[in-house]
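Structure record follows, encoded as structure tokens.
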Amino acid sequence: MDDFLKWLAVAVGLMIVLVVIFAIGPFSFGEQKIEAKIQETLDVTVGPYAVENSKRINIPEFSTVKEVSRRTFDIGDHNVSSGLLTGTQGYNYHFDVIRDYVKSAVLSFIVESTNGYGPLKIDVNGQTVESENYQRGFYNVPIDISLLENSNVLSLTPASSTWRLWAPNHYYLKNVTLNIEEYMSKEKSIEFTIEDNEANISEAQIVLYFDTNKGSLDIFVNNEEVFSGLTVPTHRATVATDLLKQGKNYIELVAGPDSAYEGSGYLWFKYKEKRERGLEKIFQINSEDYERFVRGEVAFDISSVAHSGKLVVTLEDPSGAEHQIARETAASGHHSYLFEKSDIGQGVNTLRISSQEGAVFTITALSINY
């Protein structure tokens with residue numbers, strides 16, 4: 001009977017042990033059970049994307065003109081002659097102009113006296129303008145501006161009296177003047193900067209408002225012509241996007257011949273700015289949880305990948321130090337990564353999921369377990 005009671009006591013004890021085991025689960029020998037602390041359903045897209053923006057750069061008040069002014073070179077009175085026995089005594093006159101600004105040139109003179117023994121030859125830079133037997137009187141001789149250079153020589157040379165040995169060919173010229181019509185030119189240059197994030201330009205336009213609108217206008221962007229011709233009081237000129245570049249750029253407004261412009265305006269352009277999207281989650285670990293911490297887990301689901309590349313998972317601890325716990329090719333499905341105690345700290349920690357190599361993917365579920 002005593003043995004029976006002993007075996008009964010043993011059986012009851014075993015039953016109690018089994019009840020305890022099944023009630024509280026298996027014992028853990030040296031390894032912590034990971035518990036879910038944060039668990040969320042999401043719909044977050046990670047990766048680069050483009051935002052379309054626009055920018056307006058003001059063109060302040062400007063004035064650009066190209067109008068005619070007259071300049072007179074007073075050459076004076078001169079006796080010129082040429083004969084076989086006496087030789088040639090002509091007259092050379094040097095004058096300077098800005099060739100591109102010259103509209104017209106006219107030589108004026110009075111033939112006070114001449115013996116009519118031969119023509120008077122008028123040259124500019126060695127090219128004949130006119131050669132005539134001038135009688136007494138007043139003359140205007142146009143000079144083809146294609147003969148002009150920036151530095152010029154006007155020559156007045158009588159032809160020889162040839163067989164008339166007794167006297168040279170003679171001209172007495174009074175009030176010799178050279179009348180030059182030149183464009184007075186005034187241009188406007190505007191400098192502006194395109195920043196790094198503005199360089200992906202899809203559309204650009206210059207808009208000008210004119211208070212004075214006379215003649216024609218040339219518009220240049222970085223030395224390339226974007227418009228040339230007549231304008232309207234509010235004028236728009238399309239700018240090819242490849243003319244605009246990152247850094248310093250220039251707009252030049254140049255009035256055409258007999259033109260004048262005054263006004264203001266702006267350059268407008270549309271650009272795509274690249275930005276990055278990521279997933280960021282803050283979680284806090286108190287002193288008790290950190291003390292017993294052994295290992296944690298970050299897990300998330302990717303529902304789709306729009307562009308291939310890499311995903312990167314990092315943890316930032318309360319001191320600001322970052323710890324990368326994963327970097328792999330982004331793919332649809334479930335992703336799970338362990339992290340150690342050295343990757344976090346007591347206090348506020350931050351989980352970040354980002355992309356590299358242009359990866360774009362969508363996260364639909366997230367859990368942080370520790």
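Read the figures in this text as sums done on the coordinates, not as results from a lab. These numbers come from a predicted model, not from an experiment. Here Cβ is always computed from backbone atoms with ideal geometry, including for glycine, and neighbour counts include all displayed protein chains.
Listed values, structure above:
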{"quantity": "Antiparallel bridge percentage (DSSP; both residues within the chain; nearest 5)", "calculated": "100"}
{"quantity": "Residue-averaged 222 nm ellipticity for the chain, from DSSP H runs of 4+ at -39500 (n - 2.57), nearest 500", "calculated": "-2500 deg cm²/dmol"}
{"quantity": "Estimated inter-spin distance, residue 332 and residue 38, nm [label 7 Å along Cα→Cβ]", "calculated": "2.7"}
{"quantity": "Using θ = phi - 60° and Karplus 6.51 cos²θ - 1.76 cosθ + 1.60, couplings along the range 83-89 (whole Hz; Gly, Pro as x)", "calculated": "x, 5, 8, 9, x, 9, 10"}
{"quantity": "Identified option (computed Cα Rg over 2.2 N^0.38 Å; candidates (i) 0.92; (ii) 2.24; (iii) 0.99)", "calculated": "(ii)"}
{"quantity": "Diffusion constant of the range 278-369 at 10 °C, which comes from Stokes-Einstein with the Kirkwood Cα-pair radius and 1.306 mPa s, µm²/s", "calculated": "117"}
{"quantity": "Debye, to nearest 20: dipole size of the chain, +1 on Lys, Arg Cβ, -1 on Asp, Glu Cβ", "calculated": "940"}
{"quantity": "Rounded to 10°, Cα long-axis angle of helix 2-24 versus longest principal axis of the chain", "calculated": "20"}
{"quantity": "Euclidean distance of C-alpha centroids, the range 226-292 and the range 95-143, integer Å", "calculated": "57"}
{"quantity": "For residue 265, residues with placed amide H under 5 Å, excluding near neighbours", "calculated": "59, 209"}
{"quantity": "Length-normalised contact order for the chain - Cα pairs under 8 Å, 6+ apart - percent", "calculated": "23"}
{"quantity": "Total charge dipole magnitude, the range 278-369, about the Cα centre, Cβ charges on Lys, Arg, Asp, Glu only, Debye to nearest 20", "calculated": "200"}
{"quantity": "Order of 100, 343 under a 10 Å beta carbon neighbour criterion, fewest first", "calculated": "100, 343"}
{"quantity": "Added length on full extension, which subtracts the Cα-Cα distance from 0.36 nm per residue, residue 151 to residue 350", "calculated": "64.0 nm"}
{"quantity": "24 Å Cα-Cα threshold exceeded, pairs from 188/245; 214/270; 103/248; 188/214; 37/281", "calculated": "214/270; 103/248"}
{"quantity": "Note, ³J(HN,Hα) from phi for the range 228-238, Karplus 6.51, -1.76, 1.60, rounded to Hz, x at Gly and Pro", "calculated": "8, x, 6, 10, 10, x, 10, 10, 10, 10, 6"}
